[in-house]
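One structure is given here, and the rest of the page talks about it.
The values are calculated or read from the model by the stated rules, or taken from the named source; none is laboratory data. Because the structure is a prediction, the values reported are computed rather than measured. Cβ: placed from backbone, ideal geometry, glycine included. Neighbour counts: every protein chain shown.
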Amino acid sequence: MTGKFAGGSGGRRRKPPAAAAPPAPVEPVIVGAAPAPADAAQANSPPPDARGVDPVPAEPGPAAGSPAAPAPGANPDGAQAFTTTAPLVPDASAAAPAPHWLLYGANGYTGLLVLAEALRRGLRPILAGRRAAEVEALAHEHGLPARSFDLTNAATLRAALDGASLVLHCAGPFSATCAPMLEACLTVGAHYVDITGEIDVFAHCHAEHARARQRGVNLVPGAGFDVVPTDSLAALLARDAADPRELVLAFEAGGGPSPGTARTSVEGLARGGRVRRAGALVDVPLAWKERTFLRDGVPRAATTIPWGDVYTAHLTTGAPDIEVYMAMPPATIARLRRWRWLAPLAGLGPLRRWLAGRAGAVRGPSDARRAVSGCRVWGELRGADGTLHRAELDTPNGYDVTAWCAVGIVERLLRDPPREGGYRTPSQLMGADWILSMPGVRLGGPRTEPATPPAPQPTSPPQPASPP
């Protein structure tokens, strides 16, 4: 269930809005040498987190090479040579400055939406991905440079990032693709941004905080619907809570998943659920707890899922106890509960491949479908004194939120990256209020409810009722 709006490079290519500039012809160029590490980025000091402290690691993440964080170079799809295409310019003096950020997974469902948003804002990235023909056709369409490569060879990957000061990584599942791309970014000095929603990927990125700070590299995983709206709502609630203790986040999203999201969800079924208790990540069964949330006065059934905020909201708010819920029909919750008995089999090769194949056949919501399927996010944060803080957030469709947020974070890091580098949650980088600047986002609350006093205890044992 993790990563509902995380991207993938699979699925049928959708055409984003055409760029303002006409496309230029391209020709392939072979690149063979790895670049030298880039200098550390220079910018202003980073903003403090919601607790007014610097975002340093609070707990160790999984080491590279563990099942949760694959070693650099781990990729199930096989090796591939690195090629690149660049626009042909007859007069070198007339050439525009080369793009200096790279969009990996540009030809996937979410990558195409991100590209359309980047072009709308006047940004022109280097397009990259594993499927050379698709990436080069897309680049030719928009007059952009293209680089085709997979993540199996560390030297090739470093060479592929030559000249890029930032990578926006949109090709999941990130449990397989994050570690090699992150390692390459740290080596060459490029900022790393992705759209994951996977708890172990957040932990892996967070474990690299000290190294990233030494290199002046900023790490911002979860730059899409996973986890910008929920992280921002948690940060907004934490402003009013003197000592945050118990955080509950929930969301309802419609429109259907993309191919990459569906494949990531298959992985999550085998992993089971997770929550935070006393600051630690705790494994729980799928659909561990149920409750209802009101949306426009109508109750919505919801169940716990292993959403990325189980990791990140602890860093944002300091709350030691965190649960995340997803609204879904009661019948779906019942199926998840039945799946508990089959979940161990989902990790076996034949069943995993069959489920991944079914997930890859998903096409993703159409433009029209996304336009009529917004999202609701709920947040509840209880302080140590028992005071409860509540708020709700309405947003456009999750994939549109992902494109808008990911490109906005890229803009910030290209324009004004924190000088010290290191790991940050989205709200630590952009501020809790930033999500409210997105068109179509509305905040309800926050509202404060005082602690309910305990019921008075009887001073004497209750007497039995008199017989009628």
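Answer with yes or no whether GLY163 is of a type in the set (Gly, Ala, Ser), in contact with a His (Cβ under 8 Å, 6 or more places away or on another chain) and at positive phi. For GLY163, the condition - of a type in the set (Gly, Ala, Ser), in contact with a His (Cβ under 8 Å, 6 or more places away or on another chain) and at positive phi - is met.
If only residues of the range 296-326 that are of a type in the set (Asp, Glu) and not in a helix (DSSP H, G or I) are counted, the one that is surrounded by the most Cβ atoms within 10 Å (Cβ to Cβ) is GLU323. Answer yes if at least one residue in the range 270-277 is surrounded by fewer than 18 Cβ atoms within 10 Å (Cβ to Cβ) and either without any contact (Cβ under 8 Å) to a residue 12 or more places away in the chain or assigned to a strand (DSSP E or B) (or both), and no otherwise. Checked the range 270-277: at least one residue is surrounded by fewer than 18 Cβ atoms within 10 Å (Cβ to Cβ) and either without any contact (Cβ under 8 Å) to a residue 12 or more places away in the chain or assigned to a strand (DSSP E or B) (or both).
Given the structure, is GLY364 in contact with a Ser or Thr (Cβ under 7 Å, 6 or more places away or on another chain) and modelled with pLDDT under 90? Break it down into steps so the answer makes sense when it comes.
Working: in contact with a Ser or Thr (Cβ under 7 Å, 6 or more places away or on another chain): yes; modelled with pLDDT under 90: yes.
The answer is yes for GLY364.
So how many residues does the range 327-348 have that are more than 15 Å from THR304 (Cβ to Cβ), modelled with pLDDT of 90 or more and either assigned to a helix (DSSP H, G or I) or in contact with a Ser or Thr (Cβ under 9 Å, 6 or more places away or on another chain) (or both)? Of the residues in that region, 1 qualify. On the basis of being among the small types (Gly, Ala, Ser) and in contact with an Asp or Glu (Cβ under 7 Å, 6 or more places away or on another chain), does GLY189 make the cut? It is true that GLY189 is among the small types (Gly, Ala, Ser) and in contact with an Asp or Glu (Cβ under 7 Å, 6 or more places away or on another chain). For the list (1) in a helix (DSSP H, G or I); (2) within 30 Å of VAL324 (Cβ to Cβ); (3) over 17 Å from the mean Cα position of the chain (by Cα), I need the number of the one condition that ALA203 fails. Only one criterion is unmet by ALA203, namely (3).
The lone criterion from (1) farther than 26 Å from LEU249 by Cβ; (2) of a type in the set (S, T, N, Q); (3) modelled with pLDDT of 95 or more left unmet by GLN463 is number (3). For THR425, indicate whether it is of a type in the set (Ser, Thr, Tyr), within 27 Å of ALA171 (Cα to Cα) and in contact with a strand residue (DSSP E or B) (Cβ under 6 Å, 6 or more places away or on another chain). No: the conditions fail for THR425. In this structure, does THR264 turn out to be part of a helix (DSSP H, G or I) and at pLDDT below 90? Here the answer is yes, as THR264 does meet what is asked.
Checked against the criterion of being surrounded by fewer than 23 Cβ atoms within 10 Å (Cβ to Cβ) and at pLDDT 95 or above, the candidates PHE225, PHE293 yield just one match: PHE293.
Condition check: at pLDDT 75 or above, surrounded by 15 or more Cβ atoms within 10 Å (Cβ to Cβ) and hydroxyl-bearing (Ser, Thr, Tyr). Does SER373 satisfy that? Break it down stepwise before answering.
Working: at pLDDT 75 or above: yes; surrounded by 15 or more Cβ atoms within 10 Å (Cβ to Cβ): yes; hydroxyl-bearing (Ser, Thr, Tyr): yes.
Yes.
Conditions (1) in contact with a helix residue (DSSP H, G or I) (Cβ under 7 Å, 6 or more places away or on another chain); (2) farther than 19 Å from THR196 by Cβ; (3) of a type in the set (D, E, K, R), marked per residue:
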{"position": "GLY398", "(1), (2), (3)": "no, no, no"}
{"position": "ALA403", "(1), (2), (3)": "yes, no, no"}
{"position": "ILE409", "(1), (2), (3)": "yes, no, no"}
{"position": "LEU413", "(1), (2), (3)": "no, no, no"}
{"position": "PRO418", "(1), (2), (3)": "no, yes, no"}
{"position": "TYR423", "(1), (2), (3)": "yes, no, no"}
{"position": "GLN428", "(1), (2), (3)": "yes, no, no"}
{"position": "ASP433", "(1), (2), (3)": "no, yes, yes"}
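Kindly establish whether GLY422 is modelled with pLDDT of 95 or more, out of contact with any Gly (no Cβ under 8 Å at 6 or more places or on another chain), over 30 Å from GLY374 (Cα atoms) and surrounded by 13 or more Cβ atoms within 10 Å (Cβ to Cβ). Yes: the conditions hold for GLY422.
Test LEU249 against the criterion of being modelled with pLDDT of 95 or more and in a helix (DSSP H, G or I), and give yes or no.
Values: modelled with pLDDT of 95 or more: yes; in a helix (DSSP H, G or I): no.
So LEU249 fails the test.
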